[in-house]
Amino acid sequence: MTATKSIVTGSGTGAKAPRSRRKIDPIYYFFLFPAVLLFTLAITVPGIIGIFFSLTDSIGIGQWEFTGFTNYVAAFSDPAILSSFLFTFGFALVTVIVVNVIAFMLAVGLTSKIRFKMGLRAIFVIPMVVSGIIIAYVFQFLFQNSLPAAGGALGIPFLETSILANPDLAWLGIVIVTAWQSIPGTLLIYIAGLLSIPGDVYEAASIDGANSRQQLFGITLPLVAGYVVINVILGFKNYLNAYDIIVGLTGGGPGTSTRSISMTIIRGFQTGDYAYQMATATLFFIITIIIAVLQLSVTRGRSNI
Amino acid sequence: MSTIPLNPDTTAKKATSGADTGSTRSITTGGGTPPMKGRKSGRWSTTVILILCAVTVLLPLYVTISMAFKTSGQAVDGNAFSLPAPFSIDGFVQAWELTRFPVGFAMSFIVTAGTVIFTIILASFASYAIVRNWDHRLFRYSFFYLLGAMFIPFPVVALPQIQLTGRFGLDNPLGVILLATMFQLSFSVLLFTAFLRSIPIELEESARIDGATTWQTFWKLIFPLLAPMSATVGIFAFLYAWNDFMMPSLIISDADMQTLPVRQNLFQSQFSSDYNVAFASYLMAMAPAIIAYLFAQRWVMEGVTQGALKG
């Protein structure tokens, strides 16, 4: 978002203002046009169609009638939708915390003086290039076959049944797999943040007698605070859209205990609740916008990154 | 040989506690404090802890590889961590035919290459026009308009998109390329515009004095200069298009035209106990991205860092 800001200020530095009535080379329209046109057809038009049909009783095909905000009212009191919102937000919150804590600690370790630094970094990034659905299938096998087998061999009754079959614990499996996959991206941002701190800051602190714990909380954390904000907001936004990993791991089950908002919306297409789920999608969109505004307002103030 | 007890639960705990000690140690050593007695051992203990964490990262990949090379008899015994004995490539042979791997690979390749090329060209075109004509309202507003998609997740517009692509004959890889490009566009335009602003206009003006048109200036001067940003944009587009499940699974209606990640659901319904076949298939689908990454590690790491921070 810093880009936006600097462009705005950049144009404000005079000199360019008188040029605003100059003739524009027509080729520039050709440069801009394809992107704007395709964008409108592929995203804006479907978006408007979706919002429009959320005010009807359409089932996706055939005749429909306007029903006003009936779908929205119904969605607010639908336990299935409420529980999927609740699950998705809870999941996103827990995952954001788990991912950021682990990624931050790994980043501190990976920027310190260690052996095999580059090799280790290279390994930690691998999960980022692996397909979410496929790694979810792999973990599904581990959770369903290997973990219970291990639990049986060790005599730990807690592990003997698959956690994915337990409505109260299945979400934990999703958090683990999501964390496994999204720690690398978060980690790379933290490494960039930690490397931007000059070493002499620590030198000065240690001369003043600050111990390593004080240095961590007094120097490192405040100086990477901007990076924490970026990671938390980006992560939260991503986890709210969770789909691939959940489909691969639990398929939304057991029952509907791990059905995310995305899955609820998509199911509307299969079950004929087209208009109804478009109302859910619109609500979800509004929430995303609120988070985006939050993101803008927070990151705009940080032009130092 | 059996190492069953290594499960994600204990390893996860290790990861947290391990990184904890790592953090305090590393600051002492990394911050240039005077040499202390425990320094060398501290460095090694951090290394060892990080290596243990790296094992957690590699474990699922190890399981995938070792399962893929087992015979179907050995694969069903439930011990995911044992080495293949005997070594068998039956899984690959069967997976190759069951998922029709060559077709799936071709589809994934088309979707990925198409998305990468389209994203780089459309985004760099639009960004160039926007940055050079920022003083014009049309271009300025277009910038914010294109940026808007950053806040629209695919699920929100998915249902109408499924309908529309179906109606206009785009329920195939071409439709996925188009939509995937559009969802990459805002982020890519943001990266390109930020980079373009840093290119001094004098450079361009000298080219124009020599008689170059805007079109020539773009291809001969600007586009080559954009190469590092194009790499970043391309890496993001590649990772998204190659690995995505949601969009192709919803947009592509003909099962035979599906991409590799979507084809793997075959092992969730039928053939669900042929673990060696399933894992061989997973491995074949994952391998191209991992191999590409191993060759381009530096680019990927730098690109992702740069991209995430600018975006």
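What follows draws every value from the coordinates through simple rules; no lab data is involved. Everything numeric here is computed off the predicted structure, so don't read it as measured data. All Cβ positions, even for glycine, are placed from backbone atoms using ideal geometry, and neighbour counts span all protein chains on display.
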- Tell me, what HN-Hα J-couplings in whole Hz come from the Karplus equation 6.51 cos²θ - 1.76 cosθ + 1.60 at θ = phi - 60° for each residue of the range B:230-235, using x for Gly and Pro? 4, 5, 4, 4, x, 5
- Task: For the range B:217-229, take each phi angle, set θ = phi - 60°, evaluate the Karplus expression 6.51 cos²θ - 1.76 cosθ + 1.60, and give the result in whole Hz per residue in order, putting x for glycine and proline.
- Result: 4, 4, 6, 8, 10, 6, 4, x, 5, 6, 3, x, 5
- Work out the mean other chain Cβ neighbour count within 10 Å for the residues of A:95-108 and drop it here as an integer. 4
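Determine the gain in length on full extension of the stretch B:PHE168-B:SER273; use 0.36 nm per residue of separation and subtract their C-alpha separation, reporting nm with one decimal. Don't skip to the end; give the middle numbers.
Numbers: separation 105, 0.36 × 105 = 37.80 nm, distance 3.93 nm.
Between B:PHE168 and B:SER273, full extension yields an extra 33.9 nm.
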- Task: Identify which of A:GLY272, A:GLY50, A:GLY218 has the largest mean-square fluctuation in a Gaussian network model of chain A, with springs joining Cα atoms closer than 10 Å.
- Result: A:GLY218
- Cα centroid distance between the range B:210-251 and the range A:68-135, in Å? 27 Å
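With a Förster radius of 41 Å, plug the Cβ-Cβ distance of B:SER72 and A:ASP168 into 1/(1 + (r/R0)^6) and report the FRET value to the nearest 0.05. List each step's numbers first, then the result.
Numbers: r = 34 Å, r/R0 = 0.84.
With R0 = 41 Å, the Cβ-Cβ based efficiency is 0.75.
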- For A:THR56, distant residues with modelled amide H under 5 Å away: A:THR67
- Message: Can you give me the distance in nm between label points at B:ALA106 and B:LEU52, each placed 7 Å from the Cα along the Cα-to-Cβ direction?
- Response: 5.0 nm
- Non-local residues with an amide H under 5 Å from the amide H of B:ASN265, with H modelled 1.01 Å from N and Pro and chain starts lacking one, are none
- Calculate the mean, over all residues of peptide B:54-65, of how many other protein chain Cβ atoms lie within 10 angstrom of the residue's Cβ. 5
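Sorting check: for B:91-101, A:56-66, A:149-159, B:285-295, which peptide has the highest mean count of neighbouring beta carbons within 10 Å, and how do the rest follow?
On the way: B:91-101: 19.0, A:56-66: 13.5, A:149-159: 15.1, B:285-295: 16.8.
Going from most to least packed, we get B:91-101, B:285-295, A:149-159, A:56-66.
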- Task: Have a look at A:VAL224, A:GLY248, A:TYR274 and report the one farthest towards the positive end of the charge dipole of the range A:79-300, computed about the Cα centre with Cβ charges (Lys/Arg +1, Asp/Glu -1).
- Result: A:VAL224
- Note on the structure: With label points set 7 Å from each Cα along the Cα-to-Cβ direction at B:TRP215 and A:ILE207, the distance between them in nm comes to 6.3 nm
- In what sequence, highest mean first, do B:239-248, A:262-271 appear when ranked by Cβ atoms within 10 angstrom? B:239-248, A:262-271
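Figure the gain on full extension for A:PHE69 and A:ALA153 (residue separation times 0.36 nm, minus the Cα-Cα span) and round it to one decimal in nm.
Working: separation 84, 0.36 × 84 = 30.24 nm, distance 5.63 nm.
Separation in residues times 0.36 nm, less the Cα-Cα distance, equals 24.6 nm.
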- Query: Among A:ILE265, A:PRO127, B:ALA308, which residue has its Cα positioned farthest towards the positive end of the charge dipole of the protein assembly as shown, with +1 placed on the Cβ of Lys and Arg, -1 on the Cβ of Asp and Glu, and the dipole taken about the Cα centre?
  - Reply: B:ALA308
- On each of the three principal axes of the Cα atoms of the protein assembly as shown, give max minus min coordinate, whole Å, ordered largest first. 79, 75, 49
- When ranked by the protection proxy of mean other Cβ atoms within 10 Å per residue, highest first, what sequence do the peptides B:221-228, B:141-148, B:83-90 form? B:141-148, B:221-228, B:83-90
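Remind me, what semi-axes does chain A give for its equivalent ellipsoid, largest first in whole Å, using sqrt of 5 times each Cα gyration tensor eigenvalue?
38, 36, 17
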- Taking the C-alpha atoms of the range B:138-221, how large are the radius of gyration and the largest Cα-Cα span, Dmax, in Å? 17.9, 52
- Between A:ILE48 and B:ARG137, what FRET efficiency comes out of the Förster formula 1/(1 + (r/R0)^6) with R0 = 30 Å and r the beta carbon distance, rounded to 0.05? 0.85
- Enter the mean number of other protein chain beta carbons within 10 Å of the beta carbon of each residue in B:133-144, as an integer. 5
- Query: Taking springs between alpha-carbon atoms closer than 10 angstrom, which of A:VAL201, A:VAL98, A:VAL293 fluctuates most in the Gaussian network model of chain A?
  - Reply: A:VAL201
